[in-house]
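Values quoted throughout were computed directly from the atomic coordinates according to the rules given, and no laboratory measurement underlies them. Source: prediction; values computed, not measured. A quick note on method: Cβ atoms are made from the backbone with ideal geometry, for glycine too, and the neighbour counts reach across all protein chains shown.
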Amino acid sequence: MPAFDYAAYDPSGKRVSGVISADSERHARRLLKDKKLLPSELSEVSQTAATKKSGPRRRQARVNNFDLSLLLQQQAILIESGLPLEDALRMTIEQAETEKQRRMLQSWRSEIIEGRSFSEALRRSPYKIPESIIAGISVGEESGHLHKVLMRLAEDLESSAENRKTISRAMIYPATLISTSIIVVAIMMVWVVPKITAIFISSNRELPLVTRIVINLSEFTQSYGLFLLIVLVGLYLGFARAMQDPQRKQHWHSFMLTMPGLGRWIRMANIADWSRSLGVLLSNGVPALAALKISSSVVTNLDLRSKMEGVTEAMRQGSTLHSALQASDVGSGFLVHMVGSGEASSELDKMLLRVSDYYSLRLNNAVEVFLKLINPILIIFMGVIILSVVAAVMLPIMDMNNMI
C-alpha cells in the first residue's frame, strides 16, 4: 500500500501535515475527508522523499546513522516480543520522533504490505540504506533470527557513527574557536581600532611599536579585507568543484592520510569501520567475498577504499585475507596479526570485531589527548591577540596621561 505525504486544513483553518497510507491518491483524499481535513497538497512518499536525477535511477535521500540505528533497534525489540514485522513498523510509525523517520518507516511498510521482504523493502526505499545493512537483514530473514541481526546491525551503525563523530569533534572545536577569533579581530580592525587610533595619529606623537603594527593591520584589513574574503570563498567553491571529480578526490584523500595526526585518525576510523562491518557480516553468515565487497563500500576514504577493493580482488583470486592485507599495506601489524590469528583459529569474525574495538578505543584516546592539549594553546593564542590589541590602545593613552 503506497504512502502519501499530505498538507491539509482542519475545520478551524489550521494547516496540518503528515503521512497517510492509501491504495491510490483518490483513496488518500477520501480518507482525509473522512477525517474532516481539506487536502491542499498530496504526493506519494517515494516521489517526495528523494529528488530526481538524469537517467532511470533516482537519487536516494541520505539517512542519519543514529536515526537508522534507533529504528532498527525498535524493530528488533518489537519482533523479539512476537509482533509481525508489518505491525512492528506500524507501531513505530505512530511513535516516530521526526517526520523524516515517519516517512522512511512508511516507505518500508508500504513495500512489505505489497509482499516484499524487509531487505527488498530497504533496497527499494527512497532513502539510501547502507548495503551492509541490507545484506545482513537478508541473511537474518533466511536464518530466522532477524531480531538478533537487527540489534547487532544497529550496534554496528552506532559504533561507526561514533568514530566519525569523534573525528568531527576534534576538528570542529578548534576550527570554531579560531574562526570566532578571526571574526572578532576583523570586526575590531575594521570598525573599532580606526576610531580609537585616529586620536593618536592626529597628535603627531611617536607611537609604540605594537600600536603601529595594529594600525597597519587595521589599514590593511580595511583596504583588502573584502578582496581576501572573496578570494577565500572562490578557493572554497573551486575546491568543492574539484572534489566532484573522483580521481582528484582520491588524490586529496591520499594526501589527507599523510597529514600529521589527522591522517592517523582517518586511517584508524576507516579500519575500525571496515573491520566491524566485515566481522558483523561474517558472523551473520554472509559469504566472505560478498562481505568483503560490502565492507569496502563502508570505507569513506577513497584511497583506502581502493586498497580494500584490491584486497577483495586478491581474495577472489585465491589469496588469504592475511596475505592480501599484508601485500596491500592497508593497516598496521596489529590488524594483519589479528586477521592471521582469526583465520588460523576459524574465528575471523570475532577477531575483526576485536580489531574494531581496539582502533575505536585508540581513536577516542588520541582525540581526547589532542583536545586537552589544544585547549590551553588556543586560549593562550587568543589571549595574546586580545592583549596585543588592548596594549596598542592603552599604551598611547598612558603615555598621554604621563605627559599631562
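Let me see the pair-distance distribution of the chain: every alpha carbon pair, 20 Å bin width, integer percents in order.
P(r) over the chain, rounded to whole percents: 20, 39, 28, 11, 1.
For region 104-197, what D do you get in µm² per second when you plug the Kirkwood radius from alpha-carbon pairs into Stokes-Einstein at 37 °C and 0.692 mPa s? Don't skip to the answer; put the middle values down first.
On the way: Rh = 17.3 Å.
The Stokes-Einstein estimate is 190 µm²/s.
Going from the alpha-carbon gyration tensor of region 65-129, what semi-axes, largest first and in whole Å, does one get by taking the root of 5 times each eigenvalue? Before the final figure, lay out the partial values.
Values: eigenvalues 47, 45, 23 Å².
Result for region 65-129: semi-axes of 15, 15, 11 Å.
Cα convex hull of region 148-304: mean projected area in nm², to one decimal?
That works out to 13.3 nm².
Tell me, in nm to one decimal, what length is gained between I199 and F381 on full extension, where the rule is 0.36 nm per residue of separation less the Cα-Cα distance? Present the calculation step by step, with values, prior to reporting the outcome.
Details: separation 182, 0.36 × 182 = 65.52 nm, distance 2.85 nm.
Working it through step by step, the gained length comes to 62.7 nm.
Mind pulling the angle between the C-alpha long axis of helix 131-143 and the longest principal axis of the chain? Nearest 10 degrees, somewhere in 0 to 90.
30
Taking K35 as the anchor, which lysines have their alpha carbon closer than 20 Å to its alpha carbon, excluding any fewer than eight residues away along the same chain?
Excluding near neighbours in sequence, the set is K14.
Just list whichever of K165/K293; K33/K100; K165/K350; K165/K372 have alpha carbons separated by over 22 Å in the model shown. Could the numbers behind the result be given before it?
Values: K165/K293 25 Å; K33/K100 24 Å; K165/K350 25 Å; K165/K372 17 Å.
In this structure, K165/K293; K33/K100; K165/K350 lie more than 22 Å apart at Cα.
State, in angstrom, two size descriptors of region 71-228 derived from its alpha carbons: Rg to one decimal place and Dmax to the nearest whole number.
29.4, 89
May I ask you to derive the FRET efficiency for L289 and T176 from their Cβ-Cβ distance with R0 = 41 Å, giving the value to the nearest 0.05? Present the calculation step by step, with values, prior to reporting the outcome.
Working: r = 44 Å, r/R0 = 1.07.
After rounding, the FRET efficiency stands at 0.40.
Let me have the relative contact order for region 291-404, percent, based on Cα pairs under 8 Å that are six or more residues apart. It would help to have the intermediate numbers written out before the result.
Details: 47 pairs, mean separation 13.7, N = 114.
Answer for region 291-404 is 12 percent.
Points 7 angstrom from Cα along the Cβ direction at L361 and T258: gap in nanometres?
Using points 7 Å along Cα→Cβ, the separation is 3.3 nm.
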